[in-house]
1. List, in order, the whole-Hz ³J(HN,Hα) value for each residue of region 156-173 obtained from phi through the Karplus relation with A = 6.51, B = -1.76, C = 1.60 and θ = phi - 60°; use x for Gly and Pro.
2. Contour minus end-to-end for Thr133 and Gln118, with contour as 0.36 nm per residue of separation and end-to-end as the Cα-Cα distance?
3. Would you compute the Debye intensity of region 69-138 from its alpha-carbon atoms alone, equal scatterers and no solvent, and pass along log10 I(q)/I(0) at q = 0.17 Å⁻¹ to two decimals?
4. How long is the gain from Thr156 to Val37 if the chain were fully straight, where each residue apart is worth 0.36 nm and the alpha carbon distance is subtracted?
5. Whole-Hz ³J(HN,Hα) for each residue in region 132-140, computed from phi via Karplus 6.51 cos²θ - 1.76 cosθ + 1.60 with θ = phi - 60°, x for glycine and proline: what do you get?
6. Enumerate the amide H contacts of Ala81 below 5 Å, restricted to partners 5 or more residues apart or on another chain; note that Pro and chain-start residues carry no placed amide H.
7. When the solvent-accessible surface of protein heavy atoms is calculated with a 1.4 angstrom probe, in what order do Ser82, Ser149 fall, highest first?
8. Sketch the reach of a paramagnetic label on Glu143 as a point 7 Å from Cα along Cα-to-Cβ, and name the residues of region 106-125 whose backbone nitrogen lies under 15 Å away.
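The values are calculated or read from the model by the stated rules, or taken from the named source; none is laboratory data. From a predicted model like this one, the values you see are computed outputs, not experimental measurements. Glycine gets a Cβ as well: all are built from the backbone with ideal geometry, and neighbour counts include every protein chain shown. All accessible areas refer to the heavy atoms of the entire protein, side chains included, with ligands and DNA or RNA removed. Shrake-Rupley method; radii C 1.70, N 1.55, O 1.52, S 1.80 Å.
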Amino acid sequence: MIVGGPGGIGPTAHYTAHVWARNGLSHPELATWRGRVMFEALRPVMCMSGALGGPTLEAHLLARHHAIDVLLRRLIDSEEASQVVELACGLSPRGWRFAGDHGDRLTYVEADLPAMAQRKREALRRLGSLSATHRVASVDVLEPAGEHSLEQLVSTLKPEAGLIVITEGLLGYLQRPALEGLWARIASQLERFSVGHYLSDLHLASGAGRAVDAFRLALGVFVGASVPLHHFSERGEAQDALRRAGFTSAIVADARDPGGGAALRHDGDGLTCVLHARVAHASPRAPGRPAPAQQGLRS
């Protein structure tokens, strides 16, 4: 997490960890007592918002998490790529779940700032999940080069195996110049691989009203500052920005329907979008491996 908190963990990381655990997506080792306290403290406000037809943090968090899972599973099952890097992973259970499901067929690297990375590494060690193909790395997403940069991390991966980069819950913490710089770095690094994909959640200003403002205020309580949840007014603007950053193609879709009819277990809040951007492969493809068909989001 970009925003710090007790033990080097951002406040929203505690909250989201509790939401994932209480909905059967995570393991107790990846949840915290602070998250439970925060969840219970906000429960009355969230219940009232939901009863009035407004958004809730829980619905939002589940919608974006499930949507990214749908897209990631589709890419892995279609053999688009067999390596995943999840940036600013926090206490996300996705690496634990996907590593458990796919074993040695998938290399999954979770990355975060050093303090968070160490805490995640210790939790995964207790779960017996760490292995040669499931590890945790220290990465600062704002660092363009150096020991803790994305560039350094991807240099340890196999170009011929393809790569999927994920960010979840990160973009809303970045001012637009930092966001666009991150996208440019991700696109540049994905060019090293036989195929490169980028998945993330994203908020748009289009349709934003009092419900979205209430959501931003609730989130701001946790981080102690205003959170710029949306950087773009509509999908086309975001897609254009992704292409300017170096992606060959980019699609932004409603998180409730990320893949053209994908069935999600949660309807979500209608405020969250997911993006799927791709970089045309520049590295030589492994012998005998066919060029992949376009997968993921559809217009």
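1. 8, 9, 8, x, 6, 8, x, 8, 10, 9, 10, 10, 10, x, 9, 4, x, 8
2. Numbers: separation 15, 0.36 × 15 = 5.40 nm, distance 1.73 nm.
Taking 0.36 nm per residue and subtracting the Cα distance, the gain is 3.7 nm.
3. -0.55
4. Values: separation 119, 0.36 × 119 = 42.84 nm, distance 3.90 nm.
Taking Thr156 through Val37 to full extension adds about 38.9 nm, to one decimal.
5. The phi angles translate into 5, 10, 9, 9, 10, 10, 8, 9, 9 Hz.
6. Under 5 Å from the amide H of Ala81: no residue qualifies.
7. On the way: Ser82 40, Ser149 0 Å².
Most to least solvent-accessible, the answer reads Ser82, Ser149.
8. 111-118
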